[in-house]
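Step one of this worksheet: look at the structure below.
The values are calculated or read from the model by the stated rules, or taken from the named source; none is laboratory data. Everything numeric here is computed off the predicted structure, so don't read it as measured data. Ideal geometry is used to build each Cβ from the backbone, glycine not excepted, and the neighbour counts take in all protein chains shown. For the accessible areas, the whole protein counts, side chains as well, though only heavy atoms, and no ligand, DNA or RNA atoms are used. Shrake-Rupley method; radii C 1.70, N 1.55, O 1.52, S 1.80 Å.
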Amino acid sequence: MYDLHTHSRCSDGILRPEALVSRAKEHGVTVLALTDHDTTVGLPEARLAAAKADLTLISGIEFSCQWNGIGIHIIGLNFQSDHPQMQAAEQQQARSRDERAELIGERLSKVGIQGALAGARKLSDGGVIGRPHFAQYLIDQGHVSSMNAAFKRYLGAGKPGDVKQMWPSVEQAVEWIRAAGGVAVVAHPDKYKMTRTKLRRLLDDFIEAGGQGIEVVSGNQAPNTTRDMRLLAQQKELYASCGSDFHVPDQPWQELGRYAPMPNDIPTVWELW
Ligand code: AMP
Ligand code: MN
Ligand code: MN
Ligand code: MN
């Protein structure tokens, strides 16, 4: 069983890479990719744990990008994680995340929320800082009652904390992944709230840049979406990937290895490695 989209506490997940690997094993996963946002720092620990647990670990990363003003996530799989281009990419993304965090902090202070940058930094605990850390701070301070509300009111698309101008293009992310010998995959294509026409255009640009894969199955996805994504993959001749997008243990709808079965009549990304 393949789970090729997961997060550890090195980005916005909760578990250490080692604990993530154990949990994946418990849930029947046999091939796991750790795909933290914009970082591969968790991979060495995950690799060691996977070797002990007799589970195959695939190197992974989830790059934040933008395309026509929309925030898009591109997954890299099975690349050489110590490749100089990948290392440089991670450094660039880390700088962008720091810059972005400062901007988010400033914007939140303008709408009356103080101390958000320091609070989010503390919550990120030395890992990659992201909007979920700001969301947790907003909850802790009583500004909102849930993650969902934090994104709806303050951090989601079109809200003060939605800052994405520093992210690279989709083409750039694909280039980084390809340079390091990996396979580029469009993450959770249904989550961008794009029309199908727009999504097709994104896929065309992605393919032209050298992208090869699309997540046909993502955690917590409706069956008709899987059907649509399968069809899109077929039409665009993309290789199918699947993954839970696991972040935290207490959300049963987004658990390791738990997602709809992959359609068995289309080529998969693992045929590429
Ligand atoms: P960032 O990488 O800093 O832009 O933050 C994006 C992350 O926030 C995603 O990867 C999700 O883990 C999380 N996220 C996005 N939207 C929501 C939401 N509505 N509720 C909870 N978490 C969300
Ligand atoms: Mn996330
Ligand atoms: Mn994502
Ligand atoms: Mn993810």
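Here are the numbers for the structure shown:
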{"item": "Pairs where the first residue, in segment 21-39, is away from ligand 4 (no atom under 12 Å from the Cβ) and the second is open to solvent by 10 Å² or more (accessible area, probe 1.4 Å) and of a type in the set (S, T, N, Q), C-beta under 6 Å, 6+ apart", "result": "VAL31/THR56"}
{"item": "Checklist (1) farther than 30 Å from GLY158 by Cα; (2) at pLDDT below 95 applied to TYR2, failing item", "result": "(2)"}
{"item": "Residue among GLN212, GLN221 that is touching a residue at least 12 places away in the same chain (Cβ under 8 Å), within 28 Å of HIS83 (Cβ to Cβ), of a type in the set (S, T, N, Q) and surrounded by 17 or more Cβ atoms within 10 Å (Cβ to Cβ)", "result": "GLN212"}
{"item": "Residue that is within 15 Å of ligand 4 (Cβ to nearest atom) and open to solvent by 10 Å² or more (accessible area, probe 1.4 Å), where the choices are GLN254, GLN234", "result": "GLN254"}
{"item": "Segment 115-136, residues that are of a type in the set (A, V, I, L, M), more than 16 Å from ligand 4 (Cβ to nearest atom) and buried (at least 23 other Cβ atoms within 10 Å of the Cβ)", "result": "ALA116, ALA120"}
{"item": "Segment 176-199, residues that are more than 16 Å from ligand 4 (Cβ to nearest atom), surrounded by fewer than 18 Cβ atoms within 10 Å (Cβ to Cβ) and within 17 Å of the chain's Cα centre (by Cα)", "result": "LYS193"}
{"item": "Failed item, numbered, when LEU138 is tested on (1) touching a Ser or Thr at 6+ places or on another chain (Cβ under 9 Å); (2) within 13 Å of ligand 1 (Cβ to nearest atom)", "result": "(1)"}
{"item": "Long-range neighbours under 9 Å by Cβ, at least six apart or interchain, first residue free of Cβ contacts under 8 Å to residues at least 12 places away in the same chain within segment 239-255, second of a type in the set (A, V, I, L, M, F, W, C) and more than 15 Å from ligand 3 (Cβ to nearest atom)", "result": "ASP250/ILE14"}
{"item": "Number of positions in segment 1-10 that are open to solvent by less than 30 Å² (accessible area, probe 1.4 Å), under 12 Å from PHE246 (Cα atoms) and part of a loop (DSSP other than H, G, I, E, B)", "result": "4"}
{"item": "Hits in segment 118-145 (condition: under 19 Å from HIS7 (Cβ atoms) and small (Gly, Ala, Ser))", "result": "ALA120, SER124, GLY126, GLY127, GLY130, ALA135"}
{"item": "Residue within segment 44-56 that is of a type in the set (Ser, Thr, Tyr), more than 13 Å from ligand 3 (Cβ to nearest atom), open to solvent by 20 Å² or more (accessible area, probe 1.4 Å) and in a strand (DSSP E or B) present", "result": "yes"}
